[in-house]
1. Counting only Cα atoms, I'd like the Rg/Rh figure for the range 75-172, Kirkwood definition for Rh.
2. Quick one: 3J(HN,Hα) in Hz for the range 683-697, Karplus 6.51/-1.76/1.60 with θ = phi - 60°, rounded, Gly and Pro as x.
3. Distance cut-off 19 Å, Cα to Cα: go down the list K296/K583; K714/K767; K433/K620 and report the pairs above it.
4. Please list, ordered by chain and number, the residues whose modelled amide H lies under 5 Å from the amide H of K77; skip anything fewer than 5 residues away on the same chain.
5. Which whole-Hz ³J(HN,Hα) couplings does the range 568-579 yield from phi under the Karplus relation 6.51 cos²θ - 1.76 cosθ + 1.60, θ = phi - 60°, glycine and proline marked x?
6. Cα convex hull of the range 569-636: how many Å³ per residue?
7. Please report the net charge: other residues with Cβ closer than 13 Å to the Cβ of Q108, K and R +1, D and E -1.
8. For the range 75-172, what does the accessible surface come to per residue with a 1.4 Å probe? Please give it in Å².
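The values are calculated or read from the model by the stated rules, or taken from the named source; none is laboratory data. Note that the structure is a prediction, hence the values are computed from the model and not measured. With ideal geometry, Cβ positions are generated from the backbone for all residues, glycine too; neighbour counts draw on all protein chains shown. Ligands, DNA and RNA are stripped out before the accessible areas are found, and what is left, the full protein with its side chains, is counted by its heavy atoms. Shrake-Rupley method; radii C 1.70, N 1.55, O 1.52, S 1.80 Å.
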Amino acid sequence: YCNIELQGCWPMLTPMHPTVLGRCIYGESRIVLFVSAVPCLSGCTPQSAAELRMSDQGKGSASTPAGALAPGSDTYKGWLFKWTNYLKGYQRRWFVLSNGLLSYYRTQAEMAHTCRGTINLATAHIDTEDACNIVLSSGGRTYHLKASTEVERQRWVTALELAKAKAIRMMNDQSGDEEPTTQSDRSEGIQGTLKTLISKLDDLGTCNDLIAKHGAALQRSLSELEALRVPVEGGEKVKGVNERATLFRITSNAMINACRDFLDLAETHSRRWQRALQYEREQRIHLEETIEQLAKQHNSLERAWREAPTLSANTPIGSERLQKGEASDEDEDTEYFDAMEDSPAFITVTATENTQHRSVSPYGLYRKEMQPLRRRRSHIPDKPNYSLNLWSIMKNCIGKELSKIPMPVNFNEPLSMLQRLTEDLEYHELLDKAARCESSLEQLCLVAAFSVSSYSTTIHRTAKPFNPLLGETYELDRLEDFGYRSLCEQVSHHPPAASHHVISQRGWTLWQEITIASKFRGKYLSIMPLGAIHLQFHSSGNHYVWRKVTSTVHNIIVGKLWIDQSGDIEIVNHRTKETCQLKFSPYSYFSREVPRKVTGVVSDSGGQAHYILSGTWDDKIESSKIVQSSKGGSGSEGKQKTVYQTLSPKLLWKKYPLPDNAENMYFFSALALTLNEPEDGVGLTDSRLRPDQRLMEAGRWDEANSEKQRLEEKQRAVRRRREAEATDALDDGREYEGFQPQWFHKRTNAITGETNFVYKGGYWEAKDSQDWSMCTEIF
């Protein structure tokens, strides 16, 4: 017998800890080699297994493979291919396995300064796909690796398995988990557990010694048996071998029983530790919730304290911060704004003089008198955790209109586009306050804040709303609660267009027709709302018009989805010709600006600036009254900057915190949670009655997908019928009117010159009388 080292070959024989035994038979000028691979016994440690597969350095092996373990070392290094993304595919990376951690670098030189990623093998799952692939799953992430050959793959798998086993063993040795009992109980429990485990380990050690002893004796007996020549002696030797074999069997059975007892005990205590871990996890979650509630209460108290009317009547608003005890650092605050297209760049410097002035009132206690008469729902069923491969659906849709891509509800949220359009009214109180303003410039500041506030709900809302069916409507009747009524109708399907009309008893009317143009570009999705928004105040006759900016959804294929808003908004008061220029700065990784930044200037009809607006579209907007302006130095682009000296900024709008558990409810705001709440007496075409949307909200996504396909096919059948009727009318020389919206009709706007759909009346009267006979059945 001889020990044989099979460098680079034994991993193909057995994937786990092998012990390779060889037997050489010499004779007749030939060598016959028999190799057997058996599982490693308890005496085979990861280190000894590694030594089996490594040549002794200095025995003529001039080059050790790159992915090799030095004898007695736990470090394993080598090149592997790592999957990056669909554009670059697999990329070559240098991997280093050490102390239970698998780290990777772009080059070997990067090991000195930059690590590209680290995988903790103690919590990782190791799997193999084909001859050369390795799949590691850890912490919710999956890493796809590929070796150059099958042999190299098997070397890495073995090294990873050994490192994982050692890491788990070290983690268990260092763990000090205790059950949530008293200190004395925990001490007694630990001592008792340790004594029992030590006793079982002693039993295993004794059995192991006996097996080694009897095994050696059995080996000697077998050797002697081969050398026998005398039959009589052979009988005695055979008897001795049988006796030793019996002893070996008894000892082995004892060891097996001891191992079984040890396993049962380990499982019992594992369950206890699991319960202890669950208890600690629940305590941590409870603590986090408590801290979150305290933070919200602190924020509310701070806001109420700031907004409390404690100032005297003759106190300048610009000095309010100083009187509230805030630090007097206005002379040091200099804010630089990006230059907007067609408007000069500017710098604002906060004035220190307590100059008497009129300013836009701060964001007061809007909600104190806005409690709704009816208690509405504050939660919906949690979003199910369904997985779906987006790439398999989207790879064939590049360049197509988003509205023409058949999407399962897995990518939707349980609201229609009409309801998302109604969400613009989340901060309708800004318009209520603007209607009471005597100054049109102050009113314009509040209108600008309202236009920005409509984007605040989009920061986490990466899901797609349902495309409305042609003729679908949505009403939001808050007349008794907040004094307004809102109605939307889908007036066109290709291209998709929705008309919206809101009238408020508190002095304003808003209407808009929005057509969504969207393009999927592989890595991102651009959503371009087309159409103007009109707002008119009843008492003053001020008529404001503006348009929305472009929304971009990034990381459509790979990575975490996130939304950005970018572009310019010009708000024009067509009665006074006053304007507000707003700039939504696009996010840039290299920019030092605050993310999601919005800046703006409010100017009179002559172009003179009166207010500076600043903030972010996901948090707040402030206004600062300009008291002096002057020309400054040239900027980086050679343009001369205008320096504005302003009073302290006043808060116009602040985003409300999301409801509790919003992350499991599609990140809906308080208003969004109520939009799909069932209502009595709504029109037969109302979005609340749409069955696929209702099923999705209830978490029954498979049924929702089937219902969605039924509705879409029904709509296609109606369109084909209309097309056939139009063809027949053309053949007969008759006029064919086609689809006409029920509550809106086309009119040319005298201000913009555009022809669009506006509300023609009749809906609220039909609701009062509950006469919906004119509505078609679309669901």
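1. A ratio of 0.94.
2. Computed from phi, the couplings for the range 683-697 are x, 5, 9, 5, 4, 5, 8, 6, x, 5, 5, 5, 5, 5, 4 Hz.
3. Details: K296/K583 30 Å; K714/K767 27 Å; K433/K620 17 Å.
Those over the limit are K296/K583; K714/K767.
4. Placed amide hydrogens put A68, L97 under 5 Å from K77.
5. So the Karplus estimates, Gly and Pro as x, are 10, 10, 10, 9, 10, 8, 6, 7, 9, 6, 6, 9 Hz.
6. Values: hull volume 8.1 nm³, N = 68.
So the per-residue hull volume is 119 Å³.
7. Working: positive: K77, R92, R93, R106, R116; negative: E110.
Net charge around Q108: +4.
8. On the way: 4940 Å² over 98 residues.
I get 50 Å² per residue for the range 75-172.
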